Each structure stands twice: as C-alpha cells, then as structure tokens.
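The values are calculated or read from the model by the stated rules, or taken from the named source; none is laboratory data. Fair warning: this is a prediction, and the values are worked out from it, not measured in the lab. When we count neighbours, we look across all protein chains shown, and the Cβ atoms used for this are built from the backbone with ideal geometry, even at glycine.
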C-alpha cells in the first residue's frame, strides 16, 4: 500500500512549493524556539523543524529532476513529428518503465489501457497534434472510462487546451499529459531513437 499525503495538507503544499520555502519554515521554527523556549528545551523546538527540512530536501530533489523549458520544447517538437504509431509505442514504453501493464485498445475514446496495483487508467493520444484541444475528445474518453469502470483517464495534448476542456478535465479527474508530463514520461529510451 502506497502512503498518500492529503492534497491540501501543509506538507503537500510545501512539496508543491519552491524548496526554499520549507527551509524558511524550518529556520523560523528554530528561531522562534530559541527566542521563546528555555535553553534546556530549545533542542526539542528544533526537532519540530526536522520534518520541514525533510520536505525541503524532497522538494529540492523533485525540482532538480523536473525537465527544463528547453527539454520540454524539444520533446514537444519530437512528439509533433511522430506518427500515431510511433507515439503510441513511445508511450507504451514509457508507461512500462513506470511499472504499468500496458495494452492497446481499439476504441474511439482511448488508445491504451494501463493497469498497476489493481487500478486501471485509460490513455487517449488520438488528437495529440491538435493545435487546440476542446472538450469533445475528453467527453469520449470519459464515456469510455465509465463504460469500462476505469479508475483514471489521461489525455495527451501538445497544443493549447481550451478553458472549457480544462474545466471538464478538472471536474471529471482527467489528467492532461502536456509538455512537462510527456517529457518526464518519454525521457530516455522512448525518444532516443528519434534524436
């Protein structure tokens, strides 16, 4: 069983923030401890800062691993030049590296079905080259998700996503795989053949 932090907890917010924010909070706790607590209890106040330091290191590691703007632009350019078959194969390889069991499906709403830990996610990459992604492909994906009782859904889109589509995706919990997500997934082998 994987441990999950509540999305709006203090630690989850700090993990999404810049790394230095957690270190600033830890420093503030240590400073307040030294000002407000008797000398023999300062060490206990400082111990309270330890989780914030750990979160700061985790956030720093994640931010160092995140793809940069040049890498994202290069990935989007490569993905735009791929055929549908090449993209599907690259996505399959990337998802398999992440530990998913991947199978192709022939359906109007999705191209891949991912399974890991008893959880099923449908992935649509049919209209990845569209300059502007509207709500219709997301509706098709959501309908298929409901028909197959899948727990998750994801749509690949390298172009602009309309506000209506963004709202629909948020309302139905559909993940949008755009430049940063594709760069992280396709890093390494999946794109090296195209380089």
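Could you tell me whether any residue of the range 7-25 is surrounded by 13 or more Cβ atoms within 10 Å (Cβ to Cβ), modelled with pLDDT of 90 or more, in contact with a helix residue (DSSP H, G or I) (Cβ under 7 Å, 6 or more places away or on another chain) and farther than 27 Å from residue 180 by Cα?
yes
Give just the number: which of (1) at pLDDT 90 or above; (2) surrounded by fewer than 18 Cβ atoms within 10 Å (Cβ to Cβ); (3) within 18 Å of the chain's Cα centre (by Cα) does residue 32 not satisfy?
Every condition holds for residue 32 apart from (3).
The conditions are (1) surrounded by 15 or more Cβ atoms within 10 Å (Cβ to Cβ); (2) in a helix (DSSP H, G or I), and residue 67 fails exactly one of them. Which is it?
Unmet for residue 67, out of (1) surrounded by 15 or more Cβ atoms within 10 Å (Cβ to Cβ); (2) in a helix (DSSP H, G or I): (2).
Find the residue count for the range 104-125, including only residues that are more than 13 Å from residue 177 (Cβ to Cβ) and touching a residue at least 12 places away in the same chain (Cβ under 8 Å).
11
Starting from the range 57-71, take each residue that is assigned by TED's automatic domain parsing to the domain that holds residue 19 and list its partners that are outside any helix (DSSP H, G or I) and surrounded by 11 or more Cβ atoms within 10 Å (Cβ to Cβ), counting only C-beta distances under 7 angstrom and pairs at least six apart or across chains.
59/17
Got at least one residue in the range 137-158 being modelled with pLDDT under 90, in contact with a strand residue (DSSP E or B) (Cβ under 9 Å, 6 or more places away or on another chain) and surrounded by fewer than 17 Cβ atoms within 10 Å (Cβ to Cβ)?
The answer is no, given that none of the residues of the range 137-158 is modelled with pLDDT under 90, in contact with a strand residue (DSSP E or B) (Cβ under 9 Å, 6 or more places away or on another chain) and surrounded by fewer than 17 Cβ atoms within 10 Å (Cβ to Cβ).
Please count how many residues of the range 75-99 are in a loop (DSSP other than H, G, I, E, B) and either farther than 19 Å from residue 180 by Cβ or over 17 Å from the mean Cα position of the chain (by Cα) (or both).
The initial filter retains those residues of the range 75-99 that are in a loop (DSSP other than H, G, I, E, B), namely 82-83, 98-99.
Going one step further and asking which of them are either farther than 19 Å from residue 180 by Cβ or over 17 Å from the mean Cα position of the chain (by Cα) (or both), we end up with 82-83, 99.
So the answer is 3.
Check off (1) assigned by TED's automatic domain parsing to the domain that holds residue 130; (2) at pLDDT below 90; (3) more than 21 Å from the chain's Cα centre (by Cα) for residue 104 and give me the number that stays unchecked.
Residue 104 satisfies all of (1) assigned by TED's automatic domain parsing to the domain that holds residue 130; (2) at pLDDT below 90; (3) more than 21 Å from the chain's Cα centre (by Cα) except (2).
Does residue 103 count as surrounded by fewer than 21 Cβ atoms within 10 Å (Cβ to Cβ) and either part of a loop (DSSP other than H, G, I, E, B) or in contact with a helix residue (DSSP H, G or I) (Cβ under 7 Å, 6 or more places away or on another chain) (or both)?
Taking the combined requirement at face value, the residue does not satisfy it.
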